[in-house]
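The structure under discussion appears below in the form of structure tokens.
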Amino acid sequence: MNLAEKIYDAGVVGAGGAGFPTHIKAKSQVEYFLANGAECEPLVHKDYELMIGHAAEIVRGVELLMAATKAKHGYFCIKSKNEGAIEAIEKCIVGDNQEIFGLGDFYPSGDEFEVVHSVTGRLIPAGGIPIDIGCLVSNVETCYNIARAENDKPVTEKFVSINGAVNNPCAFFAPIGIALDGLIEHAGGTTVDDYAIIISGLMMGAVALDGNDVVTKTTSGLIVLPKNHYLVGLKEKPEHQRLKVSRSACDQCSYCTELCPRYLLGYDVQPHQVMRSLGFTKTGAGVWNQKAALCSGCGLCTLYSCPENLFPKEVCDRAKIDLNKENINYIQTKPVKKHPLKEARRVPLQQLLKRLHLKQFDVPTPYIAEKPKPRLVKILLKQHIGEPAMPIVEEGRSVSAGQVIGEPAAGKLGAKIHASISGVVSKITADYIQIEKR
């Protein structure tokens, strides 16, 4: 069995982003492999802790994927400030075709377009992917899971960090399907009575509807904030209110565009023009909306750049949905060329934290070996890009931890899912499989 088959059987997907099935990447041929350990989201430290605690497995995963893709050189992309992670990885590197690449402490240094350009000097074509220029990028936790897949160990746990208004900020492995409340309990509970949970990052993450939402293969971690924190209010504002205030107050200052990371790399992303689509007339809305097509959704425009606390990122999100409905595929005609002021317009992470009023929560989240032990898990059938997995178990049947309980339909893009605890399948719905311990 080759590596791609082992990865597929283990259900490995991208652990740091949208969850692209990794067995597809393992079949490609590239020149450079980049292990992404940048972790630029404020207050999320899970990759840092994983690199310190499991460097050998991460390096092994990189070796395996480089061999499978015939990559000539591999880079571990880590912020230069994270000396502990760099030291741990360096101790495990054995070949002369792998090295550390130090990244700056700015947001979003972990965006794969940024990482690829920083390491190779190459620019991904507009609308393209790293493979188009001979590069492959995977999160360091994905590399860890690849090393486990080599030994036939499926993805049943997610490494997460939990930070913010909790008594014991920390990082640990949690069974996939555990409720978010279980993670908070494992971190010693909250320091405030009325709180909100932001999943997988303050900038690109979302506010959890309640503590019964569950951990998936792409959950990076939790940030617990007081319910009255202004950031919670921004993220919970209904879409119609976001669009209304953005339409009424935008003065076209263009700060959202001038500080946009993708715009500064040379992509035709212009949020201030997209805001015009909300204006007094629909004339030209389709034209303005196309300036959102290459937006990465990093959130910097809404949460940092805009001086009036408007919602250019969310307006771009809506524009991309409208473009999709109209079957409009935007093609950038001008060449991708880095803006001459790109380096001067980077946003330092500490400056971003200050703007978000979160400096008091910027603390370490040390790795703890003890894992939460839930009595019930809800394992989502769709935790990845592609089609949902199809259940292959029945209600009332006993399952063991690591057993396959769902897999993609034949010929469909997807990933297998496995039981994260041993127990009985107590419920199957269109969205999840529920398992309870005996």
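Do you know which of the residues in the stretch 299-315 that are in contact with a Cys (Cβ under 8 Å, 6 or more places away or on another chain) and either in a loop (DSSP other than H, G, I, E, B) or at pLDDT below 95 (or both) is nearest to residue 123 (Cα to Cα)?
If we take residues in the stretch 299-315 being in contact with a Cys (Cβ under 8 Å, 6 or more places away or on another chain) and either in a loop (DSSP other than H, G, I, E, B) or at pLDDT below 95 (or both), then 306 is nearest to residue 123 (Cα to Cα).
Tell me, yes or no, whether the stretch 51-59 has at least one residue that is within 22 Å of residue 161 (Cβ to Cβ), assigned to a helix (DSSP H, G or I) and not hydrophobic (A, V, I, L, M, F, W, C).
Yes, there is a match, as at least one residue in the stretch 51-59 is within 22 Å of residue 161 (Cβ to Cβ), assigned to a helix (DSSP H, G or I) and not hydrophobic (A, V, I, L, M, F, W, C).
Mind counting the residues in the stretch 31-47 that are surrounded by 22 or more Cβ atoms within 10 Å (Cβ to Cβ) and either over 30 Å from residue 360 (Cβ atoms) or free of Cβ contacts under 8 Å to residues at least 40 places away in the same chain (or both)?
Final tally of qualifying residues: 3.
I'm checking my understanding of the structure. Among residues of the stretch 196-238 that are assigned to a loop (DSSP other than H, G, I, E, B) and basic (Lys, Arg), which one is surrounded by the most Cβ atoms within 10 Å (Cβ to Cβ)?
217
Return the residue satisfying two criteria in turn: it lies in the stretch 180-195 and is surrounded by 21 or more Cβ atoms within 10 Å (Cβ to Cβ) and in contact (Cβ under 8 Å) with a residue 60 or more places away in the chain, and of such residues it is nearest to residue 231 (Cα to Cα).
Looking at residues that are surrounded by 21 or more Cβ atoms within 10 Å (Cβ to Cβ) and in contact (Cβ under 8 Å) with a residue 60 or more places away in the chain, I get 183.
Looking at this structure, is residue 273 on the phi > 0 side of the Ramachandran plot, over 26 Å from the mean Cα position of the chain (by Cα) and not assigned by TED's automatic domain parsing to the domain that holds residue 177?
No, not satisfied.
Determine, yes or no, whether residue 377 is among the β-branched types (Val, Ile, Thr) and crowded, with 19+ Cβ neighbours inside 10 Å.
Considered against the rule, which asks whether it is among the β-branched types (Val, Ile, Thr) and crowded, with 19+ Cβ neighbours inside 10 Å, residue 377 comes out as yes.
Inside the stretch 355-397, can you point out the residues that are without any contact (Cβ under 8 Å) to a residue 40 or more places away in the chain and not in a loop (DSSP other than H, G, I, E, B)?
Once the filter is applied, which keeps residues that are without any contact (Cβ under 8 Å) to a residue 40 or more places away in the chain and not in a loop (DSSP other than H, G, I, E, B), the stretch 355-397 yields 359, 360, 390.
Out of the strands (runs of 3 or more DSSP E) lying entirely within the stretch 110-185, which hold 2 or more residues that are of a type outside the set (Gly, Ala, Ser) and over 23 Å from residue 214 (Cα atoms)?
135-139
Can residue 287 be described as outside the structural domain of residue 39 (by TED's automatic domain parsing), assigned to a helix (DSSP H, G or I) and surrounded by fewer than 22 Cβ atoms within 10 Å (Cβ to Cβ)?
yes
Of the residues 252, 241, only one is in contact (Cβ under 8 Å) with a residue 24 or more places away in the chain, surrounded by fewer than 16 Cβ atoms within 10 Å (Cβ to Cβ) and either within 30 Å of residue 179 (Cβ to Cβ) or not small (Gly, Ala, Ser) (or both); which?
Residue meeting the stated conditions: 252.
Would you say residue 338 is modelled with pLDDT under 95, under 22 Å from residue 112 (Cβ atoms) and surrounded by 13 or more Cβ atoms within 10 Å (Cβ to Cβ)?
Judged against the criteria, residue 338 is not a match.
Is it the case that some residue within the stretch 395-404 is farther than 30 Å from residue 290 by Cβ, touching a strand residue (DSSP E or B) at 6+ places or on another chain (Cβ under 7 Å) and β-branched (Val, Ile, Thr)?
Checked against the condition, which is being farther than 30 Å from residue 290 by Cβ, touching a strand residue (DSSP E or B) at 6+ places or on another chain (Cβ under 7 Å) and β-branched (Val, Ile, Thr), the stretch 395-404 yields at least one hit.
Quick one: residue 16 ticks every box in (1) closer than 29 Å to residue 121 by Cβ; (2) touching a helix residue (DSSP H, G or I) at 6+ places or on another chain (Cβ under 6 Å) bar one, so which box is it?
Here residue 16 meets the rest and fails (2).
Are any residues in the stretch 87-105 in contact with a strand residue (DSSP E or B) (Cβ under 6 Å, 6 or more places away or on another chain), surrounded by fewer than 21 Cβ atoms within 10 Å (Cβ to Cβ) and among the hydrophobic types (A, V, I, L, M, F, W, C), and if so, which ones?
Those that are in contact with a strand residue (DSSP E or B) (Cβ under 6 Å, 6 or more places away or on another chain), surrounded by fewer than 21 Cβ atoms within 10 Å (Cβ to Cβ) and among the hydrophobic types (A, V, I, L, M, F, W, C): 100, 101.
Any chance you could count how many residues in the stretch 391-402 are under 13 Å from residue 432 (Cβ atoms) and either of a type in the set (A, V, I, L, M, F, W, C) or touching a helix residue (DSSP H, G or I) at 6+ places or on another chain (Cβ under 7 Å) (or both)?
Going through the stretch 391-402 one residue at a time, the tally reaches 1.
Identify, from the list 352, 356, 303, 341, the residue that is in contact with a Lys or Arg (Cβ under 9 Å, 6 or more places away or on another chain), closer than 21 Å to residue 255 by Cα and among the hydrophobic types (A, V, I, L, M, F, W, C).
Working: 352 fails: in contact with a Lys or Arg (Cβ under 9 Å, 6 or more places away or on another chain); 356 fails: in contact with a Lys or Arg (Cβ under 9 Å, 6 or more places away or on another chain); 341 fails: in contact with a Lys or Arg (Cβ under 9 Å, 6 or more places away or on another chain).
Residue meeting the stated conditions: 303.
Taking residue 200 as the residue in question, decide whether it is at pLDDT 95 or above and of a type outside the set (A, V, I, L, M, F, W, C).
Numbers: at pLDDT 95 or above: no; of a type outside the set (A, V, I, L, M, F, W, C): yes.
Taking the combined requirement at face value, the residue does not satisfy it.
The values are calculated or read from the model by the stated rules, or taken from the named source; none is laboratory data. Every value quoted in this text rests on a predicted model; they were computed, and no experiment measured them. Every residue, glycine among them, receives a Cβ derived from its backbone with ideal geometry; neighbour counts consider all protein chains shown.
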